[in-house]
1. Which members of the range 65-113 meet the condition of being of a type in the set (Asp, Glu) and within 30 Å of residue 3 (Cα to Cα)?
2. Please indicate, with yes or no, whether at least one residue in the range 17-40 is more than 20 Å from residue 88 (Cα to Cα), in a helix (DSSP H, G or I) and in contact (Cβ under 8 Å) with a residue 60 or more places away in the chain.
3. Got a sec? Which of 63, 54 is under 22 Å from residue 24 (Cβ atoms) and exposed (fewer than 15 other Cβ atoms within 10 Å of the Cβ)?
4. Any residue at all in the range 71-79 that's of a type in the set (Phe, Trp, Tyr) and crowded, with 16+ Cβ neighbours inside 10 Å?
5. Could you tell me which residue of the range 23-41 is modelled with the highest pLDDT, considering only residues that are of a type in the set (Gly, Ala, Ser) and closer than 23 Å to residue 69 by Cβ?
Amino acid sequence: MSSPQLAIYSRVYHGQTIFVIMIAPLYGIHCALYIAAVATFVRRSLLLIMIIPLLLTSTVYFLVNYYFKIAVALAPYRPDIVKVRQNIATYLLIFARVNHVLSDVVVQVVGPA
């Protein structure tokens, strides 16, 4: 690997790491709200069953999105990464849709109560 290419990769990873460090506190608040929701709805088993996968899909989305951002940033420098980007984008879409459906189910279950 040539030195300019290594410098580009280093810069991309550095920039993406800074991005994740900025987003991580918001994700921490997100997790704290999920823990509070689980503690609140512990007696309602249906809600507990829905809230835990909601947290898991959010976590997976956050992690996959990190790798997607790196793939997008590296795309101009590595043409072979296009296929990886397409696969990652597919998984991001799946996790986002599952997360939206689960959150709608939780709102419908909690709404009448």
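The values are calculated or read from the model by the stated rules, or taken from the named source; none is laboratory data. A quick note: this is a predicted structure, and the numbers were derived from the prediction, not measured. Methodologically, a virtual Cβ is constructed for each residue, glycine included, from the backbone with ideal geometry; neighbour enumeration extends over all protein chains shown.
1. Within the range 65-113, the first condition is being of a type in the set (Asp, Glu), and the residues that meet it are 80, 104.
Scanning the range 65-113 gives a single hit, 80.
2. Within the range 17-40 (the criterion being more than 20 Å from residue 88 (Cα to Cα), in a helix (DSSP H, G or I) and in contact (Cβ under 8 Å) with a residue 60 or more places away in the chain), the answer is no, since none of the residues qualifies.
3. Working: 54 fails: exposed (fewer than 15 other Cβ atoms within 10 Å of the Cβ).
The conditions single out 63.
4. Start the filter on the range 71-79 by keeping residues that are of a type in the set (Phe, Trp, Tyr), which leaves 77.
Within this subset, residues satisfying the condition of being crowded, with 16+ Cβ neighbours inside 10 Å are none.
Scanning the range 71-79, I find no residue that is of a type in the set (Phe, Trp, Tyr) and crowded, with 16+ Cβ neighbours inside 10 Å, so the answer is no.
5. Kept after step one, since they are of a type in the set (Gly, Ala, Ser), are these residues of the range 23-41: 24, 28, 32, 36-37, 39.
Restricting the remaining residues to those that are closer than 23 Å to residue 69 by Cβ gives 24, 28.
Details: 24: 74, 28: 78.
It comes out as 28.
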